[in-house]
């Protein structure tokens, strides 16, 4: 495999100047987004990003919209046009992109590239997904019906190789990377269980402090107390959190949900003109590796090398303050962070166990609550995690704000297996 | 270009494990692809592979998609074939208590794999056996 990264540079510097994401919840249940369709969700995220950037819709020159399963979950394809009218972007250049659960960092990359190539000054990357229900054929969009989980996952597996049938293994790639990691570093199954549980525990501690993580209402300590247990970790080890594979438990998994995210990017040379110096966070680098689902370690390496070459990062251990893992499978917290060099090999699990990767730790992961506690609205999650990183870098995260300056951040995303994206942000 | 996917399955139907070998650099692709991922060569020939494999990762699948429900629960292998390609598939002879299976995995007892061909409804497919 040719894994040597060329060093690409943007021909015009680009910064993120506005971010927004909706409450992540269930449109059939959560009061904050009750009865919303995809349209309201994506518009809500966009309006928040506009307000954040002190801009209006008319200022946006072009947009990219990410939605993984538009056909299945919205009975629609070609959704850029559909959402254009809703977002006040009618007749502007609009593009729909799909790369499974990293769709919204693909769209971010493309929005950045558009500005960097001077075919736009201000561009929008937005994303939406409604995973909790499905449209009813022939009925308006707000009328939806429950989608059985097995049908949902079957459709999700369309992201895997159909020609050679790799999707027979995808439902529990939960185990693969976790067990391999444990073997390499000599962890017993009990130790691995503690690490995975602690990852979920750390996520939840941040989630309950994030007003957007509406499904994370209780800490695991509170859950434990309610069930007469001594500690949150006891609760996570209990039958309330059953195992469904060798290592994975229910609460280690992504909580599928509904949500949207939006990111507005602007040419660096315009940031001062718009008076947005306080908003701007530079897009320093990105990397993307596409391959069949069986190629994960090589994909990680390729995408990371591309991004580091572009961002000029040589010692990630010292140059990155924040690492956002794509923890739809919570084991990714240690496999990805070590692949990225945010930790040395065999080191991440110890940091997780000691709570040092939690929002108030010294080597922190995402502070949103992650996919296990904030939830996972597939295409929209990657963009929401970029937004969360920007909020941290500006020091605007309130109760979940890191206790040390976040000057650089890496957001890593995986889409169903075939896509791996890395995005690097630096303080302007 | 030829119908590579169909040819691969046709060979499996005949009981043959075949990959595409790059005539330029010698890399063998199993399953097959028309452009060499090592050297970008396009001159390929079908070759029989040994069927030997090495386990990288193992997973227990308890709730697969409906097409594979009949096999569940099953262990699944992320593995390399001896010729170098990554090929993942079900493990047919690993079963039992997950903690025991993990102990075997740790001890390297599951490392050596051999591909065999499983007859399924309408097609045949390579699966791994621990040897």
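A few comments on the model shown:
- Inside the stretch B:10-29, residues that are within 13 Å of the chain's Cα centre (by Cα) and assigned to a helix (DSSP H, G or I) make up a count of 1.
- Residue ID - nearest to residue A:296 (Cα to Cα), chosen from residues in the stretch B:60-83 that are more than 7 Å from every other protein chain (Cβ to nearest Cβ) and exposed (fewer than 14 other Cβ atoms within 10 Å of the Cβ): B:69
- Against the conditions (1) surrounded by fewer than 20 Cβ atoms within 10 Å (Cβ to Cβ); (2) outside any helix (DSSP H, G or I), residue A:64 satisfies every one except (1).
- Residues that are at pLDDT 95 or above and more than 21 Å from the chain's Cα centre (by Cα), drawn from the stretch A:54-78: A:54, A:55, A:56, A:57, A:58, A:59, A:60, A:61, A:62
- Condition broken by residue A:151, with the remaining ones in (1) more than 10 Å from every other protein chain (Cβ to nearest Cβ); (2) within 24 Å of the chain's Cα centre (by Cα) satisfied: (1)
- Looking across A:347, A:298, one residue alone is surrounded by fewer than 24 Cβ atoms within 10 Å (Cβ to Cβ), over 24 Å from residue A:64 (Cα atoms) and modelled with pLDDT under 95. It is A:298.
The rows are residues; the columns are (1) closer than 22 Å to residue A:384 by Cβ; (2) assigned to a loop (DSSP other than H, G, I, E, B).
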| site | (1), (2) |
| --- | --- |
| A:217 | yes, yes |
| A:224 | no, no |
| A:230 | no, yes |
| A:234 | no, no |
| A:239 | no, yes |
| A:251 | yes, no |
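- Condition met for residue A:73 (crowded, with 21+ Cβ neighbours inside 10 Å, outside any helix (DSSP H, G or I) and in contact with a strand residue (DSSP E or B) (Cβ under 6 Å, 6 or more places away or on another chain)): no
- Selection within the stretch B:84-99 - at the interface with chain A (Cβ under 10 Å from one of its Cβ atoms) and over 30 Å from residue B:20 (Cα atoms): B:97, B:98, B:99
- Residue match in the stretch B:117-129 (condition: touching a strand residue (DSSP E or B) at 6+ places or on another chain (Cβ under 9 Å), modelled with pLDDT of 95 or more, more than 26 Å from residue A:158 (Cα to Cα) and not assigned by TED's automatic domain parsing to the domain that holds residue B:5): yes
- Qualifying residue in the stretch A:207-227 (condition: farther than 12 Å from residue A:247 by Cβ, facing chain B (nearest Cβ under 9 Å) and touching a residue at least 12 places away in the same chain (Cβ under 8 Å)): no
- Test: residue in the stretch A:183-202 that is within 14 Å of chain B (Cβ to nearest Cβ), in a loop (DSSP other than H, G, I, E, B), in contact (Cβ under 8 Å) with a residue 40 or more places away in the chain and in contact with a helix residue (DSSP H, G or I) (Cβ under 8 Å, 6 or more places away or on another chain): yes
- For the stretch B:35-59, residues that are more than 8 Å from chain A (Cβ to nearest Cβ), more than 14 Å from residue B:87 (Cβ to Cβ) and under 15 Å from the mean Cα position of the chain (by Cα) total 1.
- Subset tally (residues that are in contact (Cβ under 8 Å) with a residue 12 or more places away in the chain, surrounded by fewer than 16 Cβ atoms within 10 Å (Cβ to Cβ) and not in a strand (DSSP E or B)) for the stretch B:42-59: 2
- Note on the stretch A:361-402: residues that are surrounded by 24 or more Cβ atoms within 10 Å (Cβ to Cβ), in contact with a strand residue (DSSP E or B) (Cβ under 6 Å, 6 or more places away or on another chain) and in a loop (DSSP other than H, G, I, E, B) amount to 5.
- The residue that is surrounded by the most Cβ atoms within 10 Å (Cβ to Cβ), counting only those in the stretch A:1-42 that are over 19 Å from the mean Cα position of the chain (by Cα) and assigned to a helix (DSSP H, G or I), is A:33.
The values are calculated or read from the model by the stated rules, or taken from the named source; none is laboratory data. Everything numeric here is computed off the predicted structure, so don't read it as measured data. Glycine also receives a Cβ, built like all others from the backbone with ideal geometry; neighbour counts cover every protein chain displayed.
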